[in-house]
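**Student:** I have a structure I would like to understand better, so I am pasting it below and will then ask my questions one at a time.
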Amino acid sequence: MTLVVFVAMLAASAPSLAAGQGRQAAVPQRPAPATTDVDRVAQSYEQFLRAHLLEDDDVDGAIAAYRTAATLDPASATIHADLADLFMREGRANDAVQSAEQALRLAPSNRDAHRVLGMVYATLASAAPEGQRPTRNAQRDNLNKAVEHLEQAIEPPLSTADANLRAMLSRLYMATAAYGKAIPVLTDLVKQEPGWQEGPNLLAEAYMAAGRTAEGVTWLEESAPDNPQLYATLADFYGRSHRWSDAAIAYEQALKSSPRSIDYRKGLAEMLLNTGERTNALRARDVLRETAVMRPTDERVLFLLSTSERLAGDSHAAEGAARRLVTQNPHNPQGFSALAEALEAQRRYQPIIDALVPALATFRGGASNALALRLLLPHLGFAYLELGQHEKAVATFEEGRKVSPNDQSFLSYLIQAQLAAKNYSAAADLAHTARQQSPDDLRLARLESLALRRSGKVEQGLAILEGLVAKSGGESGPYVALAQAYLDANRGAQAIRTLQTAQARFPNETDITFELGAALDKQKKYPESESVFRQLISKEPDNAAALNYLGYMLAERGERLNESVDYIKRALAIEPENGSYLDSIGWAYFKDGKLQLALENLQKAAEQLQSNSVVQDHYADVLFKLGRYDDAISAWNKALSGDADAIDRSGIDRKIRSARQKLPKR
């Protein structure tokens, strides 16, 4: 039997009601007539048969014949049920309801009348008279009536009933949140009607909505080998449970039966990317490159391709895919978001501004601009921050707060921008107000603490984080935050003690190990610091931050420079565009007297990290050594106007005076 899916109840409007299945041209059922009524019953049956013959060519004649038959045999429920069915197929809902209800008054168990009423009420639940919208109460009442009548129209055992009616009833169960009733109906239907593509999805939704996820997964796992189309549904089920690797495997199984399915390819790529593993990003990239050839204009494919290229480490290819998407559809904000992320990976912030400023001007004038603004404003704001354009960053994040006032992320971004702009009181006030609602939010606590310390209220700032540590349960974050605050306040011994306590409580937290190594370095306990970083690297050979820190620490002291370069090269192999790592290797080369190699790397770092005072100082030093005194002075001035973090301002002033003395006299 081929299943005809009933969809009228989901349509916004329908020109006619769908025809019922299983209608029979039966002899009108009535109590046995008296002898004197035989002629009237015979005449009624004649009109009944005539009505059936006229239905296709003369609807009005058929209706008249049914009514005549009903007049001649007023006790027959079948005549009224069949007339109701004709009214339903003609879209005359009110007449269909009246005739079906008359049939039920004569025979309360008449299944055809219940079927007609169920189908009519199902349609009325999603449609209303022209120019009107069904109210929620009316929709709910119609849905409940539809369920009530269809349940009576379907004879037990359920599996023998008409498939279309069961499909409709399962939809009604889903619409009324009767998921426990929907599951057995859908389970039987999916088994009996393997060609019904929507059935597995409905069944999966029913299991999920009923909170029976494990049962749903088990059913799909058992059924998919016999019905490969179910693998995509299984993949979706896994994805909803964040079982990304299992979802990817299921999509790969689905692709075996449909290797050119674009949807399955996109699903596989998304699941692989969600794992966060670089090897899976490479697999996703390969799948998406093939898919982009198959469908070069698919916007989702281009977006995912850009993401996969970036996560696989090729930010330039990511930029190319994003620009294709932007060119193809400049009204899709995802294209600009992908482009911004690709450029961020390259630390190219001015091109982000160049792309986003005109794009945002367009999106602000659009009808549905909020989503685009929420997506793109953070990228623009942080690009301004990286280039030291703090007031523009503040304005950008303030706009974001207006667009999305309940988004705490924009608030934290704004506080960071105020800190960068040295508006410490404004930053502290914003953070303090926000923490009234979220007193245990670590991110806000760190920002308020920092703002207070920068404004000279060191003890007050430290007290905030000390309070979080005192009531922290199984979280290591407050310890790390407090240790960093102690270091910032030149209380290195307290920082080390805090981190050692945290390490004892959370021995597997590598972030604590990293921070402990850094704290020991800043306290000039170099052997202990090296030991900590070597232990960390032995556990995590691909920890780029640890590799870079150890390499830079050696370079800064001018010790074992070849070893220093090796560590930093390993970090750069993982993150080749990282400006901090480029600065580290450039500084190591500078300390080793390899000035051209130093210049090459420090110039890239300085172009990326224009507000980083240490990077600009390093770049100026190599320029000075190469005799480029004007350029060195310019870089040192950038260092003085930058974040001023960990620099000797008087020392830089002396270097500027020395460079000026070497300039030719004008």
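The values are calculated or read from the model by the stated rules, or taken from the named source; none is laboratory data. All values derive from a computational prediction rather than experimental measurement. As a convention, Cβ positions derive from the backbone with ideal geometry for all residues, glycine included, and neighbour counts pool all protein chains shown. Surface accessibility is based on the protein's heavy atoms, side chains included, excluding ligands, DNA and RNA. Shrake-Rupley method; radii C 1.70, N 1.55, O 1.52, S 1.80 Å.
**Student:** By how many nm would the segment from residue 242 to residue 531 lengthen if fully extended, with 0.36 nm per residue of separation less the alpha-carbon distance?
**Tutor:** 100.3 nm
**Student:** Could I ask something else about it? If you count only protein heavy atoms with a 1.4 Å probe, what accessible area per residue comes out for the stretch 559-666, rounded to a whole Å²?
**Tutor:** 51 Å²
**Student:** Label point 7 Å out from residue 260 along Cα-to-Cβ: which residues of the stretch 295-310 have amide N under 18 Å?
**Tutor:** Flagged as within label range: 295-298.
**Student:** Using only the heavy atoms of the protein chains and a 1.4 Å probe, how would 575, 515 rank by accessible area, largest first?
**Tutor:** Heavy-atom accessible area, descending, gives 575, 515.
**Student:** Under the Karplus relation 6.51 cos²θ - 1.76 cosθ + 1.60, θ = phi - 60°, what is the ordered set of whole-Hz ³J(HN,Hα) values for the stretch 650-655, x standing for Gly and Pro?
**Tutor:** 5, x, 5, 4, 5, 5
**Student:** State the answer as a single residue: which of 294, 593, 411 lies farthest towards the positive end of the charge dipole of the chain, with beta carbon charges of +1 for Lys and Arg and -1 for Asp and Glu, about the Cα centre.
**Tutor:** It is 593.
**Student:** Would you work out which of 201, 232, 272 lies farthest towards the positive end of the dipole of the stretch 127-278? Charges go on Cβ: Lys and Arg +1, Asp and Glu -1.
**Tutor:** 272
**Student:** Still on this structure: With the dipole of the chain worked out from charges on the C-beta (+1 for Lys and Arg, -1 for Asp and Glu) around the Cα centre, which of 216, 481, 152 lies farthest toward the positive end?
**Tutor:** Looking along the dipole axis, the top candidate is 481.
**Student:** Related question: Please work out how much accessible surface residue 454 shows to a 1.4 Å probe, ignoring ligands, DNA and RNA, in Å² rounded to 10.
**Tutor:** Taking all protein chains as shown, residue 454 has close to 100 Å².
**Student:** Rounded to whole Hz and in sequence order, give me ³J(HN,Hα) for the stretch 536-543 from the Karplus expression 6.51 cos²θ - 1.76 cosθ + 1.60, θ = phi - 60°, writing x for Gly and Pro.
**Tutor:** 5, 5, 5, 7, 10, x, 9, 7
**Student:** Largest first, what is the accessible-area ranking of 105, 140 with a 1.4 Å probe?
**Tutor:** Result of the area sort, largest leading: 105, 140.
**Student:** Another one. Per residue, how much accessible surface does the stretch 136-236 expose to a 1.4 Å probe? Answer in Å², no decimals.
**Tutor:** In whole numbers, the stretch 136-236 has 45 Å² accessible per residue.
**Student:** Quick check: convex hull over the Cα atoms of the stretch 239-348, volume per residue in Å³, rounded to an integer?
**Tutor:** Cα-based convex hull of the stretch 239-348, divided per residue, equals 93 Å³.
**Student:** With every protein chain left in place, what is the accessible area of residue 471 in Å² (1.4 Å probe, nearest 10)?
**Tutor:** That residue has around 130 Å² of solvent-accessible surface.
**Student:** Pop out the carbon and sulfur fraction of the accessible area of the stretch 593-666 as a percent, whole number, probe 1.4 Å.
**Tutor:** On the way: 1830 of 4050 Å².
For the stretch 593-666, the apolar C and S fraction of the accessible surface comes to 45 percent.
**Student:** Another one. Using only Cα atoms, what is the ratio of the radius of gyration of the stretch 40-110 to 2.2 N^0.38 Å?
**Tutor:** The reported ratio for this selection is 1.00.
**Student:** Right, next: Hey, how much of the P(r) for the stretch 493-579 falls beyond 23 Å, as a percent of Cα pairs? Spell out each step's value before the answer.
**Tutor:** Numbers: 749 of 3741 pairs.
Across the stretch 493-579, Cα pairs with separations above 23 Å total 20 percent.
**Student:** For the stretch 156-223 and the stretch 370-389, compute the distance between their C-alpha centroids and round to whole Å.
**Tutor:** Here the two parts' Cα centres lie 46 Å apart.
**Student:** For the stretch 377-426, what's the relative contact order in percent, using C-alpha pairs closer than 8 Å and at least 6 residues apart?
**Tutor:** Averaging sequence separation for qualifying contacts and normalising by length gives 35 percent for the stretch 377-426.
**Student:** Can you pull the one-decimal nm distance between simple spin-label points at residue 197 and residue 50, each 7 Å off the Cα toward Cβ?
**Tutor:** For residue 197 paired with residue 50, the spin-label model returns 4.8 nm.
**Student:** With an 8 Å cut-off on Cα pairs and a minimum separation of 6 or more residues, tell me the relative contact order of the stretch 314-383 in percent.
**Tutor:** Once divided by the residue count of the stretch 314-383, the mean separation gives 32 percent.
**Student:** Moving on. Kindly state, to the nearest 0.05, the FRET efficiency for residue 658 paired with residue 329, given R0 = 51 Å and r defined as their beta-carbon distance.
**Tutor:** The computed FRET efficiency comes out at 0.40.
**Student:** Another question about this same structure. Can you grab the distance from the C-alpha centre of the stretch 100-129 to the C-alpha centre of the stretch 511-571, Å, no decimals?
**Tutor:** 78 Å
**Student:** Looking at the P(r) of the chain, how many percent of alpha-carbon pairs lie beyond 37 Å?
**Tutor:** Summing the P(r) of the chain above 37 Å gives 58 percent of all pairs.
**Student:** Any idea what the dipole of the chain comes to, in debye rounded to 20, about its Cα centre with Lys/Arg Cβ at +1 and Asp/Glu Cβ at -1?
**Tutor:** 2940 debye
**Student:** With every protein chain kept in the model, how would you rank 115, 453 by accessible area, 1.4 Å probe, largest at the top?
**Tutor:** Largest accessible area first, the residues go 453, 115.
**Student:** Evaluate the relative contact order of the stretch 276-340 (contact order divided by residue number), counting alpha-carbon pairs under 8 angstrom at least 6 apart; express in whole percent.
**Tutor:** 29 percent
**Student:** Lysines near residue 422 by alpha-carbon distance under 17 Å, same-chain residues fewer than 8 away left out - which ones?
**Tutor:** Candidates past the 8-residue exclusion: 392, 457, 638.
**Student:** Report the accessible area of residue 52, computed with a 1.4 Å probe over the heavy atoms of all protein chains in place, in Å² rounded to the nearest 10.
**Tutor:** 40 Å²
**Student:** Once both axes come from the Cα atoms, what is the angle between helix 244-257 and the longest principal axis of the chain, in degrees from 0 to 90, rounded to 10?
**Tutor:** For helix 244-257, the angle is close to 50 degrees.
**Student:** In Å², and per residue, what accessible area does the stretch 354-477 have when probed at 1.4 Å with the other protein chains present?
**Tutor:** 48 Å²
**Student:** Still on this structure, I have one more. At 222 nm, what helix-only mean residue ellipticity would the chain give, in deg cm²/dmol to the nearest 500, using -39500 (n - 2.57) for each DSSP H run of four or more?
**Tutor:** Roughly -23500 deg cm²/dmol at 222 nm, from the helical runs in the chain.
**Student:** What is the angle, in °, between the Cα long axis of helix 477-488 and the longest principal axis of the Cα atoms in the chain? Nearest 10 is fine, range 0 to 90.
**Tutor:** Here the helix axis deviates by roughly 20 degrees.
**Student:** Pulled fully out, how much extra length does the chain show between residue 650 and residue 637, if you take 0.36 nm times their separation in residues and subtract their Cα-Cα distance?
**Tutor:** Stretched fully, the residue 650-residue 637 segment lengthens by 3.5 nm.
**Student:** Output the 0 to 90 degree angle, nearest 10, between the alpha-carbon long axis of helix 77-89 and the longest principal axis computed from the alpha carbons of the chain.
**Tutor:** Helix 77-89 sits at roughly 40 degrees to that axis.
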